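What follows is one structure encoded as structure tokens, with my remarks underneath.
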Amino acid sequence: MSELRPARIAFVGAGVHATESLYPNFGMIPELELVAVCDLDLGKAERAARKYGAQWFSDLGQMLDTVRPDAVCACGPAEMHLEVGLEVLGRGLPVFVEKPPGLTAADAMSLLQRASATRTWGMVGFMKRFAAANLVTRDYIASPEFGVLNSLSMIHGCGPYNDLRRMLLFNGIHMLDLARFLAGEVAEVTAQAAAPAPNVFVATIAFRFANGALGQLNMNSGHHWEDCFEQTYLSGSGAAVLVDASQAVEVMASGRRFADPPDQRLYGWSGRYYVSGNMAGWWAGGHYTRGYWGELSHFARAVQGVIEPEATLEDGLRAMELVEAILESVATNRPVVLPG
Ligand SMILES: NC(=O)c1ccc[n+]([C@@H]2O[C@H](COP(=O)([O-])OP(=O)(O)OC[C@H]3O[C@@H](n4cnc5c(N)ncnc54)[C@H](O)[C@@H]3O)[C@@H](O)[C@H]2O)c1
């Protein structure tokens with residue numbers, strides 16, 4: 001446990017995602033103390049706050065003035081992330097906003113500019129960066145054994161959407177951020193999309209990365225929310241890696257089926273490393289495996305000043321720029337060069 005005092009965090013939003021996937025992590029993050037909950041629906045704020053021994057509010061300004069937190073988390077509609085983000089950053093406090101950080105890249109830029117003006121920072125809820133399988137993968141692809149990255153292929157199936165922009169903005173954005181996390185900055189995208197059935201959008205997106213690698217994301221909204229699908233395959237000059245649902249990592253080393261003995265310690269006997277298969281109790285649950293614990297724990301420690309923020313407001317801006325570039329490519333049927 002850290003010897004520093006826990007970061008005093010106020011939370012805006014007590015809806016479904018916040019109370020089911022984020023709040024339950026607090027008991028397992030000694031570096032974080034939830035001091036207040038704010039929701040326009042005071043009943044929801046009270047229910048969540050009572051459970052964690054915090055105060056409750058329906059007005060953001062009143063909460064900030066009363067409890068004077070070290071930092072704020074926000075999880076609600078995209079417009080609320082922008083509004084709360086601007087207010088909190090304007091007071092010089094760090095903020096964690098769920099994705100997306102607004103409705104447009106211009107929104108994301110205004111958060112970044114506000115943070116820069118008040119010399120503070122923010123994080124965006126790109127939890128896949130904190131899923132252990134993706135962290136293991138990022139370590140491995142930086143190794144000499146993996147060699148030079150040459151391609152990234154992603155498949156993603158999510159629940160229904162009635163609009164391509166919404167599918168990309170509210171769901172595809174996680175895969176877009178993961179693509180950048182694993183393969184680096186995107187220089188150019190070319191995308192096509194179709195709507196073959198009611199509430200089913202498909203998008204096929206080709207990436208040219210700044211480091212010369214090529215990539216692809218095929219996504220569709222033809223699944224049920226209870227039955228989504230995700231796979232990421234990375235190919236390097238010495239090996240390849242398959243990441244299944246951000247939960248299992250399989251290493252395919254060139255010239256042999258199994259990894260060398262030193263890697264077996266990390267990647268398992270068959271070259272397949274399971275994040276949760278051999279772990280017991282709470283730690284095997286989705287909150288840890290999927291990265292929700294990791295993102296909040298990281299935020300708390302960054303507020304304490306012991307680590308640098310990850311999944312920053314700049315990453316939020318880059319992901320929003322990617323969404324807009326993909327939509328532009330679909331509309332114009334041409335490749336689009338990314339501004340960064
Ligand atoms: N990262 C993930 O895996 C993941 C999964 C699901 C949802 N999300 C994100 O979580 C967010 C919330 O989704 P949800 O399904 O929980 O929504 P929800 O509607 O259940 O909850 C939103 C809550 O925010 C409150 N709210 C709205 N405006 C407010 C304001 N100005 N001040 C205070 N409270 C306000 C509402 O009263 C509501 O309780 C969305 O942005 C969504 O993109 C992320």
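Bear in mind these aren't lab numbers, they're just calculated from the coordinates by the rules spelled out. These numbers come from a predicted model, not from an experiment. Note that each Cβ is placed from the backbone with ideal geometry, even for glycine, and that neighbours are counted across all protein chains shown.
Cut-off 10 angstrom, C-alpha nodes, Gaussian network model of the chain. Which of S143, S246, S237 fluctuates the most?
S143
Over the C-alpha atoms of the chain, what are the Rg and the largest Cα-to-Cα span, Dmax, in Å?
Radius of gyration, then largest Cα-Cα span, for the chain: 20.3, 63 Å.
K51: which aspartates and glutamates have alpha carbons under 14 Å from its alpha carbon, excluding same-chain residues fewer than 8 sequence positions away?
Cα-Cα hits under 14 Å: E20, E33.
Among V97, V306, V243, whose mean-square fluctuation peaks in a Gaussian network model of the chain (Cα, cutoff 10 Å)?
So, out of V97, V306, V243, the one fluctuating most is V306.
With +1 on the Cβ of every Lys and Arg and -1 on the Cβ of every Asp and Glu, and nothing else charged, how large is the dipole of the chain about its Cα centre, in debye rounded to the nearest 20? Mind showing how you got there, number by number?
Details: 26 positive and 36 negative charges, 75 e Å.
The calculated dipole for the chain is roughly 360 debye.
Determine the sum of side-chain charges near A45: Lys and Arg each +1, Asp and Glu each -1, restricted to other residues whose C-beta is under 12 angstrom from that of A45.
Working: positive: K44, R47, R50, K51; negative: D39, D41, E46, D59.
Once positives and negatives cancel, what remains is 0.
Full-extension gain between T204 and S143, please, as 0.36 nm times their residue separation minus the C-alpha to C-alpha distance. Write out the running numbers ahead of the final one.
Numbers: separation 61, 0.36 × 61 = 21.96 nm, distance 2.96 nm.
The T204-S143 span can extend by a further 19.0 nm.
For every helix of n ≥ 4 consecutive DSSP H residues, a contribution of -39,500 (n - 2.57) applies; sum these over the chain, divide by its total residues, and give [θ] at 222 nm rounded to the nearest 500 deg cm²/dmol. If you can, show how the numbers build up before the last one.
Values: 11 runs with 113 residues, N = 340.
Rounded to the nearest 500, it is -10000 deg cm²/dmol.
What's the local net charge at H17, with K and R +1, D and E -1, over the other residues with C-beta under 14 Å away? Please list the in-between numbers first.
Numbers: positive: K44, K99, R290; negative: E20, D39, E98, E295.
Neighbourhood net charge equals -1.
Taking every pair of alpha-carbon atoms in the stretch 7-124, give the share separated by more than 26 Å as a whole percent. Don't skip to the end; give the middle numbers.
On the way: 835 of 6903 pairs.
Within the stretch 7-124, distances greater than 26 Å cover 12 percent of Cα pairs.
Taking amide H positions as placed in the peptide plane 1.01 Å from N, state which residues far from G125 in sequence (5 or more) or on other chains have amide H under 5 Å from it.
The answer is V97, E98, K99.
Need one number: nm distance between label points at V306 and A187, each 7 Å from Cα along Cα→Cβ, rounded to one decimal.
Each label point is offset 7 Å from its Cα along the Cβ direction, giving 4.1 nm.
Going by amide H atoms built from the backbone, whose H comes under 5 Å of the H on N150, apart from near neighbours?
Close amide H contacts, sequence-distant or interchain: S235, G236, S237.
For K128, go through the lysines and keep the ones whose alpha-carbon is under 22 Å away, minus same-chain ones fewer than eight residues off.
Cα-Cα hits under 22 Å: K99.
Whole Å is fine, so just give me how far the alpha carbon centre of the stretch 1-42 lies from that of the stretch 172-204.
31
Only loop residues by DSSP count here, and only those with at most 12 other Cβ atoms within 10 Å; note down the trypsin sites (Lys or Arg not before Pro) in the stretch 40-133 that meet that.
Working: sites: K44, R47, R50, K51, R91, R114, R119, K128, R129; in loops: R91, R119.
Hits after loop and neighbour filter: R119.
Just subtract the alpha-carbon distance of D163 and V16 from 0.36 nm times their residue separation and send over the number in nm, one decimal.
Between D163 and V16, full extension yields an extra 50.7 nm.
With everything on Cα atoms, drop me the angle between helix 313-332 and the longest principal axis of the chain, reported from 0 to 90° to the nearest 10.
Here the helix axis deviates by roughly 60 degrees.
Given a Förster radius of 35 Å and the C-beta distance between Q113 and A197 as r, what FRET efficiency does 1/(1 + (r/R0)^6) yield to the nearest 0.05?
On the way: r = 41 Å, r/R0 = 1.17.
After rounding, the FRET efficiency stands at 0.30.
Hey, what do the phi angles of the stretch 243-249 turn into as Karplus ³J(HN,Hα) couplings, whole Hz, using 6.51/-1.76/1.60 and θ = phi - 60°, x for Gly and Pro?
Per-residue couplings from phi come out as 10, 9, 6, 6, 10, 10, 10 Hz.
Any idea what angle helix 292-304 forms with the longest principal axis of the chain, computed on alpha-carbon atoms, 0 to 90 degrees, nearest 10?
60
Residues of the stretch 27-57 with amide nitrogen under 11 Å from the 7 Å Cα-to-Cβ point of L4?
The answer is 31-32, whose backbone nitrogens lie closer than 11 Å to the label point.
What ³J(HN,Hα) values, in whole Hz, does the Karplus curve 6.51 cos²θ - 1.76 cosθ + 1.60 give for the stretch 82-99 when θ = phi - 60°, with x put for Gly and Pro?
After applying 6.51 cos²θ - 1.76 cosθ + 1.60, I find 5, 4, 5, x, 4, 5, 5, 4, x, 8, x, 9, x, 9, 10, 10, 4, 7 Hz.
Can you compute the FRET efficiency between A106 and M252 using 1/(1 + (r/R0)^6), with r the Cβ-Cβ distance and R0 = 51 Å? Round to the nearest 0.05.
Values: r = 42 Å, r/R0 = 0.82.
The formula returns an efficiency of 0.75 here.
Report, in degrees rounded to the nearest 10, the 0 to 90 angle that the Cα long axis of helix 105-117 makes with the longest principal axis of the chain.
For helix 105-117, the angle is close to 60 degrees.
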